[in-house]
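In what follows, a single structure is set out as structure tokens and then discussed.
What follows draws every value from the coordinates through simple rules; no lab data is involved. Since we're looking at a predicted model, the values are computed, not measured. Virtual Cβ from ideal backbone geometry, glycine too; neighbours counted across all protein chains shown.
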Amino acid sequence: MLSLSYDLHIHSCLSPCGDNESTPCNIVGMAYVKGLDVIAVTDHNSAKNCPAAVEAAKEFGITVVCGMELTTAEEVHVLCLLPSLEKALELDEYVQKRLIKIKNDPKIFGEQLIMNSADEVSGSVENLLINAADISFCETFELLEGFGGIAIPAHIDKSANSLLSNLGFIPPDSSFKTVEVHRRSLFPDLCQTHGYLSSCRVISNSDAHYLGDINEPENFLHAEENSAEAVIEALKKPCEK
Amino acid sequence: MKTYKLFENLGYEILNKGEDRLVSGVYCCDLLSVAMSKGKENAAWVTVMSNVNTVAVCTLVDMSCIVLADGSSVDEAMLEKAKEHNVCVMRSKLPVFETAKEIFDTLNLFGDRLEEYCD
């Protein structure tokens, strides 16, 4: 087993709220400087900056897991991690068809830039990406299973767009085994209120919208090897406590 | 009726004064994605959803103000955004329905022509 330092929730300049300096190349470079082993580029409802990130990562020898932060119909954010770039782009296509179509106004929400591996702007997404997709929270888990990936309820302790703030409870038929918590110190209290969480693995990511906010190598997960598939496998396993 | 007169009449707490603009109806919704496509221009938007994106959606739809119901708490980021976009944000202690009804009644009392808005 390898111990891998990770930050699996990073926004790029494709997210309207993401800083334009947060290009896929810069994110990978920053992760390398910080000494992270594995990162995930997870923009709101899109994986269109993953190709550039994967390409850039080859040069730096770190693993990029492709994914997105899906906004469910209930406006709950769910971190979606995919085993390959191809699967991530397939999910991107699936989600785009189900997103409410409203044109982005960059002056209000920010730009949604697609970058190439030479760190140049190669396009932009016209429809606003932070909207809700017509995919329910409960169906997200099976959907990701079908793509060979994993769905992880994002920042469940945050007061906006989280499982606990928007749904207010954990659906009784839930089967997820990993949750993302913003402030780990709050987790024991959350377990008191929501017993289901006691059986979950906790991961903490930066949810960085600026390069400087990317995590230091202070969180670790154990995987068979340093690859997207192995990281996803590790997060899918039942949590041993 | 305009926003400043509305909150003066109802005694709402002012979180950001913003622009004093015409209020010609009431709109209630807590899902931002729904409000984004169904919100009514010039309406007072009653919601418990308070974050930066509430202000962004209000601006996009061109609603006249945000009325946070149920004494919803706000963060600095939301107020910063409201200042930046000159959006009026006020807060009521009452739940969504009672808040909306109170605004609706006040608009009627002052002879605003809601039927035109409702068409």
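Miscellaneous remarks
- Here is how the number arises for chain A: DSSP H runs of 4 or more residues each give -39500 (n - 2.57), the sum is divided by the residue count, and the result at 222 nm is -8000 deg cm²/dmol.
- The fewest-to-most ranking of B:Asp105, B:Asp30 by surrounding Cβ atoms within 10 Å reads B:Asp105, B:Asp30.
- Under 14 Å, Cβ to Cβ, from B:Leu79 - net charge with Lys/Arg +1 and Asp/Glu -1: -1
- Pairs over the 23 Å Cα-Cα cut-off, from the set A:Lys101/A:Lys158; A:Lys48/B:Lys38; A:Lys97/B:Lys40; A:Lys48/A:Lys107; A:Lys48/A:Lys177; A:Lys107/B:Lys5: A:Lys101/A:Lys158; A:Lys48/B:Lys38; A:Lys97/B:Lys40; A:Lys48/A:Lys177; A:Lys107/B:Lys5.
- Bridge type composition, the range B:3-107 - antiparallel percent by DSSP, nearest 5: 20 percent
- Our summary gives the range B:1-113 a relative contact order of 32 percent, counting only alpha carbon pairs under 8 angstrom and 6 or more residues apart.
- Charge context of A:Ala154, other residues only, Cβ under 11 angstrom, K/R +1, D/E -1: -3
- The aspartates and glutamates whose alpha-carbon is closer than 12 Å to the alpha-carbon of B:Lys83, local same-chain residues fewer than 8 away aside, are B:Glu19.
- Residues A:Phe109, A:Phe169, arranged from fewest to most other Cβ atoms within 10 angstrom of their Cβ, appear as A:Phe169, A:Phe109.
- Among A:Thr193, A:Ala234, A:Pro172 - extreme Cα towards positive end, dipole of the range A:111-241, charges at beta-carbon: A:Thr193
- Dipole of chain A, positive end: most advanced residue of A:Pro106, A:Val78, A:Asn116 [Cβ charges, Cα centre]: A:Val78
- Within chain A, the ratio Rg/Rh, alpha carbon atoms throughout and Rh by Kirkwood, equals 0.94.
- Free-standing Cys, chain A [no other Cys Cβ under 4.7 Å]: A:Cys13, A:Cys17, A:Cys25, A:Cys80, A:Cys138, A:Cys191, A:Cys200, A:Cys239
- Per-residue average of Cβ from other chains inside 10 Å of B:30-37: 5
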